Amino acid sequence: KTGKNNHCWFDPAMEKDLRERHELETALRAAIPAGEFVPYYQQQIDIETGRITGFEMLARWNSPHYGHIGPEQFIAIAEEIGVIDDLSEGLIRQALRDAREWDPSITLAINVSPVQLRDPWFAQKLIKLLVEANFPASRLEVEITETCLHDNIQQVRTLIASLKNQGMTVSLDDFGSGYSSLAQLQSLPFDRLKIDRSFVSPMSGCTDSATIVRVISSLGEGLGLPITAEGVESAEIARQLRDLGNMHAQGYLYGRPESGSETLARLADMGLT
Ligand code: C2E
Ligand code: CA
Ligand code: CA
Ligand code: CA
């Protein structure tokens, strides 16, 4: 690959990396039928009232071999080796079962990867899961990241339309962190914007971040798009966001992602089951 007449010794460290990667892939494939992937839930609250409005499902891998692994380490691999569909189907099925026990005012948000968005049957598959679980589409929110939108905007537009036709809500995740966000806002019918935590988390000490959050907030207001701020880590950030008006918030200040049973216990304590 380095060109003609170039020799490159195969480095033993490379071999080790390759072997480890291969082992990880094999473990990941086996982990799906073994039920090692579980949904965790992080609460989303109305910053004005402090009420829980919903939970975002975040995937976790409880691996007997690797321990507790976060999605940043396995979603991309699952996409590459073509198992993301199976992986997320199991997670969504479990999440719908869990969320059915929550108060009906509480929504469930799920993340969708770019690979899934390219699947022309994605909307149908999701609807099938909703019907199976007898879960109302109006309680399901689908989060799409900006990085999904680069190449296939036409297809994404069709997909968003079918999800919305079925009664689901669609939000633009990680807003501000990707490319040409404003063009996409104009051309795609999102129901909500989630401000990326890279702007929210530093906003109490950084006036530039605070300015960006303020501008996104008035953008949302002007476009009639409700906003969720992610990465709310301190009471000071929450106070600043409250001053910006009507907003939802999510972050370690309110709660870390928790297992299904922890989530249910929390809601039961609050009389929200
Ligand atoms: P995301 O959708 O932006 O999810 C929010 C991430 O921020 C989560 O990381 C969450 O634990 C973390 N977070 C929440 N509050 C705070 C805070 O106050 N401070 C900080 N520093 N972080 C906070 P997590 O669970 O590691 O997930 C990472 C990403 O993996 C998610 O980013 C999402 O893009 C992806 N992901 C998670 N679950 C799934 C899934 O089931 N399917 C797909 N396709 N992607 C998933
Ligand atoms: Ca998300
Ligand atoms: Ca996000
Ligand atoms: Ca993110």
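Numerical summary
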{"quantity": "Amide proton proximity set for residue 54, modelled H, under 5 Å, gap of 5+", "calculated": "44, 107"}
{"quantity": "Cα shape, segment 143-273, gyration tensor, a/c 1.5 rule", "calculated": "oblate"}
{"quantity": "For residue 233, residues with placed amide H under 5 Å, excluding near neighbours", "calculated": "253"}
{"quantity": "Contour excess over end-to-end distance, with Cα ends at residue 13 and residue 131 and 0.36 nm allotted per residue", "calculated": "37.5 nm"}
{"quantity": "Residue-span extension gain [residue 207 to residue 235] - 0.36 nm each, minus C-alpha spacing", "calculated": "8.4 nm"}
{"quantity": "Phi-based couplings in Hz for segment 39-46 (Karplus 6.51, -1.76, 1.60; Gly and Pro marked x)", "calculated": "x, 10, 9, 10, 6, 10, 10, 7"}
{"quantity": "Net charge over other residues, Cβ less than 14 angstrom from the Cβ of residue 230 (K, R count +1; D, E count -1)", "calculated": "-4"}
{"quantity": "Helix axis angle, 84-99 relative to the chain longest principal axis, alpha carbon, degrees", "calculated": "30 degrees"}
{"quantity": "Ellipsoid equivalent to segment 41-186 - semi-axes via the Cα gyration tensor, in Å", "calculated": "22, 21, 17"}
{"quantity": "C-alpha center-to-center spacing [segment 199-264, segment 65-105] in angstrom", "calculated": "25 Å"}
{"quantity": "Amide H contacts under 5 Å for residue 112, placed H, 5+ residues apart", "calculated": "143, 145"}
{"quantity": "Computed label-point distance, nm, for sites residue 97 and residue 23 using a 7 Å Cα→Cβ extension", "calculated": "3.1 nm"}
{"quantity": "From the C-alpha gyration tensor of the chain, square roots of 5λ in Å", "calculated": "32, 24, 21"}
{"quantity": "For segment 196-204, Karplus couplings with θ = phi - 60° (6.51, -1.76, 1.60), whole Hz, Gly/Pro x", "calculated": "4, 5, 5, 9, 7, 4, x, 5, 6"}
{"quantity": "Cα pair distances exceeding 14 angstrom across segment 159-214, given as percent", "calculated": "59 percent"}
{"quantity": "MRE, 222 nm, helices only [DSSP H, n ≥ 4, -39500 (n - 2.57), over the chain, to nearest 500]", "calculated": "-13500 deg cm²/dmol"}
{"quantity": "Compactness relative to 2.2 N^0.38 Å, alpha carbon Rg of segment 79-161", "calculated": "1.11"}
{"quantity": "Neighbourhood net charge (14 Å Cβ-Cβ; Lys/Arg +1, Asp/Glu -1) for residue 41", "calculated": "-2"}
{"quantity": "Computed lengthening from residue 34 to residue 49, 0.36 nm per intervening residue step minus Cα-Cα distance", "calculated": "1.3 nm"}
{"quantity": "Whole-number D in µm²/s for segment 1-105 (Stokes-Einstein; Kirkwood sum over Cα pairs; 4 °C, 1.567 mPa s)", "calculated": "78 µm²/s"}
{"quantity": "The chain: relative contact order as a whole-number percent, Cα under 8 Å and 6+ apart", "calculated": "19 percent"}
{"quantity": "For peptides 207-216, 240-249, 61-70, 135-144, sequence by mean Cβ density within 10 Å, most packed first", "calculated": "135-144, 240-249, 207-216, 61-70"}
{"quantity": "Integer Hz, Karplus 6.51/-1.76/1.60 couplings in order for segment 139-144, x for Gly and Pro", "calculated": "8, 9, 10, 10, 9, 10"}
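Taken together, the values in this text are just the output of simple stated rules run on the coordinates, not laboratory data. Owing to the predicted nature of the structure, the values given are computational and were not obtained by experimental measurement. Because the Cβ atoms are built from the backbone with ideal geometry, glycine has one as well, and the counts that use them run over all protein chains shown.
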